[in-house]
Amino acid sequence: MYDGLFTFAVRLANVALSAGLAILTARALGPSGRGLYSLPGIEAALVSSIFGGLGSATSFFLLNRKPNARFLYTVLACTAAWVLVAALALVPLSVFHARWTFAPALAVLPAMAFLNIATGYALGIKKVRYSSVFAALPTVLTLAAVAIALFLVNRSPGVAITAWIWSTTAAGVLAVGYAVFDARKRIDGTENISLKEYAGFCARASLVYVVTLLNYRADLYVVALMLSPAALGMYGIAVTVAETLLLPTQAASFVASPHIASLDLRESGLLTARCVRNNLLLAAALCALLFVFARPLLSLLYGRAFLPAAPAFDILLFGVLALAIGSPVSTYFTLRLGKPQISMWLGALSAAVCLGTSVALIKAWGMSGAAAGSTAGYVIGQCVGLWYFGRSARLGWRDLFIPTATDLQAYASFFIRMAHDGRRLFQAAR
């Protein structure tokens, strides 16, 4: 739970820093300049979704096997191949948007791959807090570099993009440098993990990340095609605020993932079920709170002009609740069973339902129709996933949804420890 609290704090700080970067670039560059600055990042983020497989594969083999010293060379060789695939995927994207975006987007791809490797390595050696720091490192360095570049050099998109490239590259080099240095001392097993075996698992996991990206963004694409730009802007805000609720539940699942992967099958299933119960309780409380205060929150943060997004936001909260309870199950399928294809097929089912329902409802209900389609996809996909997990782990619905006395005792112990540690820190400060 302390690892979870640390991870949540780091991710929350990362969200705040990202918001600060967006405000900085918007005010310094204006709407047009901000759009130009964003283009290479959008394209790089899209193609780099396949790098998630590098992190998952690295974690899986470190947690479930005993790789020898050559494992590091296997990881780096596969990374080179994945960067090449991503670079090739950039070509049609840059032609579609603007050809000048190819070079800056290409420049950050190796660093993005390195960051995924380092994050996966930290999880594989059960250093969860390091993994959280690696995930936040590029945001911290980018905010600092872009701020210095805009205020001390020149307020232009080109200068901001150059600062983004250098800061992202520095973050990737630092992160992978730590992983390589630590791995040379730590990895001393006897198993030879071949490039074919590693790349095969990595390919299956990468497909999960690509499908997940489409699953999360299918409704936005439908809104962009079928509604006005103003509706897209409002709906994008609703999606962003709703997905912020996933931070605490994702942190809990993230912290538990090394243990879900390394315990025996029965204990891993029980821990996964416990994570589902905990996430459900936490997400339900947060969703209920935001359901009540959705309109004041949107008005305060974004202005009254965004209030028409409130009904769609309310509907999206139910989809967020479904996503929150499904994240530990996805970890179980990928890292414990070694079957990332299960999560991929569940994501594909969810994306298909989301796309079909959104298109059917959006003409009549507008943004609320898109939100209903997205929520339907999330709920159906997660219900199928929970059913399959329960059958695989031989657990019933009570194990998944009803908090136990042990859960309540853990909560009480955690808060007592927090209070005790807080008093000690306060006394030391005095």
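The values are calculated or read from the model by the stated rules, or taken from the named source; none is laboratory data. If you're wondering where the values come from, they're calculated on a predicted model, not measured in any experiment. Every residue, glycine as well, gets a Cβ built from its backbone with ideal geometry; the counts of neighbours run over all protein chains shown.
Just a few scattered comments:
- First in the range 384-400 and within 13 Å of Pro328 (Cβ to Cβ) and in contact (Cβ under 8 Å) with a residue 60 or more places away in the chain, second anywhere and surrounded by fewer than 15 Cβ atoms within 10 Å (Cβ to Cβ) and among the acidic types (Asp, Glu), Cβ under 9 Å, 6 or more apart: none
- Any chance Ala288 is surrounded by fewer than 22 Cβ atoms within 10 Å (Cβ to Cβ), under 21 Å from the mean Cα position of the chain (by Cα), small (Gly, Ala, Ser) and at negative phi: no
- Hey, Val91 without any contact (Cβ under 8 Å) to a residue 60 or more places away in the chain and in a helix (DSSP H, G or I) or not: yes
- Any chance Ser228 is among the polar types (S, T, N, Q), farther than 28 Å from Val108 by Cβ and at pLDDT below 75: yes
- Residue ID - modelled with the lowest pLDDT, chosen from residues in the range 6-37 that are surrounded by fewer than 18 Cβ atoms within 10 Å (Cβ to Cβ) and of a type in the set (Ser, Thr, Tyr): Ser32
- Selected residue [among the polar types (S, T, N, Q), more than 15 Å from the chain's Cα centre (by Cα) and over 26 Å from Phe201 (Cα atoms)] from Thr58, Thr74, Thr101, Thr139: Thr101
- Boolean, Ile42 is in the same structural domain as Thr139 (by TED's automatic domain parsing), part of a helix (DSSP H, G or I) and either touching a Pro at 6+ places or on another chain (Cβ under 9 Å) or modelled with pLDDT of 80 or more (or both): no
- Scanning the range 300-344 for residues that are part of a helix (DSSP H, G or I) and among the charged types (D, E, K, R) returns Arg304, Asp314, Arg336.
- Long-range neighbours under 7 Å by Cβ, at least six apart or interchain, first residue over 19 Å from Val153 (Cα atoms) and of a type outside the set (Asp, Glu) within the range 14-30, second modelled with pLDDT of 75 or more and part of a helix (DSSP H, G or I): Asn14/Ala135; Asn14/Ala136; Asn14/Thr139; Leu17/Thr139; Leu17/Val140; Leu17/Leu143; Ser18/Thr139; Gly20/Leu143
- Check on Tyr130, under 17 Å from the mean Cα position of the chain (by Cα), at pLDDT 85 or above and over 22 Å from Val159 (Cα atoms): no
- Residue within the range 334-341 that is buried (at least 23 other Cβ atoms within 10 Å of the Cβ) and more than 30 Å from Asp219 (Cα to Cα) present: yes
- One residue alone among Phe313, Phe318 is among the aromatic types (Phe, Trp, Tyr), surrounded by 23 or more Cβ atoms within 10 Å (Cβ to Cβ) and touching a residue at least 60 places away in the same chain (Cβ under 8 Å), and that residue is Phe313.
- Boolean, Ile117 is at pLDDT 90 or above and surrounded by fewer than 19 Cβ atoms within 10 Å (Cβ to Cβ): no
- Positions within the range 369-407 being among the small types (Gly, Ala, Ser) and under 23 Å from the mean Cα position of the chain (by Cα), in sequence order: Ala370, Ala371, Ala372, Gly373, Ser374, Ala376, Gly377, Gly381, Gly385
- Taking the criterion of being assigned to a helix (DSSP H, G or I), surrounded by fewer than 22 Cβ atoms within 10 Å (Cβ to Cβ) and touching a residue at least 40 places away in the same chain (Cβ under 8 Å), the residues of the range 345-367 that qualify are Ala348, Leu355, Val359, Lys363.
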